[in-house]
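Just so you know, all these numbers are worked out from the coordinates, no wet-lab data involved. All values reported here derive from a predicted model rather than from experimental measurement. Cβ: placed from backbone, ideal geometry, glycine included. Neighbour counts: every protein chain shown.
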């Protein structure tokens, strides 16, 4: 009988990247591959995970670390057949998730160039939280079902 | 990821291949601004070969649409897949842009 043990490399990702947005696509690709290995829905692979993770990474790089390549971003992903847990840690002082989340769909905000990142992250993930733990951490959770 | 620019009549067609995200949005913006400098006033962005778009990519499209309208022009979109359509609906940007199912349909009355 074949043991139903998922290889660790299909479950977890733990990597530090320099604060450079050019690294984002490669990280997203690695996380999506792990979700695909666990048969996450196509929409999760094409929309929810890539967009929400890109937002978390770009926030960490550009806002948390102020685009300073000397600073790093620590990314952890833990994927199993029930849920994906992502943690993106930067070297910033953090922010108030509630206060910083705007509604970009209101008439006064619709034509703004910015202000959609946190909104999308929270609409595309099942749970988003921010906390400080030796750095500023954003944790995203998406259930497979 | 890359952007290709072609012309059909007086419409400049920009095809986005790959992602439109924070790392390459300025490249798209500059390509379209260059076309505006040449006198182009009609731009169609074709997403048939696009993966995903983040908030920065959406922001650039909004910025360009505003600029083109100020100049008497128009920026339209075509070939959004279901996921991209959902993204535009979530952000209500589907109300801001004229979005066509195909490139040909977008060009019909541009």
- Item | Packing-based exposure ordering (other Cβ within 10 Å, fewest first) of B:2, B:100 | B:2, B:100
- Return the FRET efficiency for the residue pair residue B:34, residue A:37: r is the Cβ-Cβ distance, R0 is 35 Å, and the value is rounded to the nearest 0.05. 0.25
- Rg and Dmax of chain B, using alpha carbons, in Å: what are they? 12.5, 34
- Sorted by Cβ neighbour density within 10 Å, fewest at the top, the residues A:131, B:110: A:131, B:110
- Item | Dimensionless Rg/Rh of segment A:60-145 - Kirkwood Rh, Rg from C-alpha atoms | 1.01
- Message: No solvent, one uniform scatterer per C-alpha: report log10 I(q)/I(0) for the protein assembly as shown via the Debye equation at q = 0.08, 0.12 1/Å, two decimals.
- Response: -0.33, -0.72
- Query: Taking Cα centroids, how far is segment A:27-47 from segment B:1-47 in Å?
  - Reply: 28
- Query: Where does chain B land at 222 nm, in deg cm²/dmol rounded to the nearest 500, when only DSSP H runs of n ≥ 4 count, each adding -39500 (n - 2.57), divided by all residues?
  - Reply: -12000 deg cm²/dmol
- In whole Å, largest first, the alpha carbons of segment A:61-103 cover along the principal axes 35, 31, 15
- Principal axis dimensions, largest first and in whole angstrom, of chain A by Cα: 60, 37, 25
- In degrees, nearest 10, range 0 to 90: what is the angle between the Cα axis of helix A:49-58 and the longest Cα principal axis of chain A? 50
- Message: Going by Cα centres, segment A:73-133 and segment B:71-86 are how many Å apart?
- Response: 25
- Message: Can you tell me what share of the DSSP beta bridges in the protein assembly as shown is antiparallel? A percent to the nearest 5 is fine.
- Response: 70
